[in-house]
Amino acid sequence: MNDPRRVFLVVAVALGSLVPAVASASYPAGVWALVEEVTPEPDADHPNQVRIDGLFIVAKGTPDFAGYPGYSVPAYGYMYYQCADAELATCKMEWAELATVAGGEDRCRGWGDNSLPANGTVRTDEPQAMPDAYPISMGVVPGFSPCNALKQWMAEHPPEATTTGEGTGEGTGESSGEFASESSVGTSTATGSPTSGAEPNDSTAAETATNEAGTASGASGQAETGSLGGDKGCVCSSGDEPRPLAGLLTIVGLLALRRRGRA
């Protein structure tokens, strides 16, 4: 006959060997996610819809995720849910719990149930329309194995910085176009003004004419002096050519006579 104490010892050892497996197991949620942002709609006080952004694996999804079989390969995006009127209180409580962990270090959570026919779809570039029914089961739960699998996959597949790339491209294009436009306008204005600008000032024209006349007079004086000084450096001219110096002397004499007559 078996000793009862021996049977108890065997059962205790068997149960003890199962403790690590139970501790590392996770609830079979319908969705596991690294939650980055939770947006209740239409507002946080009276929500009946919610958008959850992050990294997701969904039960019964394809292709199968080797890191956590039975779930889809992780995908970045968002899940969009709507809650039935009769379950609004439960939905609000669960969504508020997700919002408290969103974006933090301990942001991995599960919800729904993998036994349900549908737990929602992960959306990437699709417009936010036609929300899925929010799956209610055991509430929002933490996990161990699925969370480790998600974190490892995220380390190997970091999210792409799409917003930075788009912002840089658009900003560069717009700013480059504006600067190019302003530069071309400024260049054409600055370059075109001297050629197509206003007529020269009268004082400038008078100064220019005076300088030219003085230069001509000086040249004529040099020519006359050279001719009077002898053969060397003589500048000879025919009698028919006008002599600028003589003309200037005549004008000066007439002006002197006119001033005397007025006096």
Can you tally the net charge around H46? Count Lys and Arg as +1, Asp and Glu as -1, for every other residue whose Cβ sits under 13 Å from the Cβ of H46.
-3
What's the extension gain from E160 to M93 if we count 0.36 nm per residue and subtract their Cα-Cα distance?
20.9 nm
Neighbourhood net charge (9 Å Cβ-Cβ; Lys/Arg +1, Asp/Glu -1) for N119:
-1
Can you tell me what percent of all Cα-Cα pairs in the stretch 18-156 are more than 19 Å apart?
46
Could you give the length gained on full extension between T121 and N148, defined as 0.36 nm per residue of separation minus the Cα-Cα distance, in nm?
7.6 nm
What does the net charge come to around Y81 if you take all other residues with beta carbon closer than 13 Å to its beta carbon, with K and R at +1 and D and E at -1?
-2
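Only the coordinates and a few stated rules stand behind these numbers; no lab work does. Treat the numbers as computed from the prediction; the structure is a model and nothing was measured. Here the Cβ is made from the backbone with ideal geometry for all residues, glycine too, and neighbour counts use every protein chain on show.
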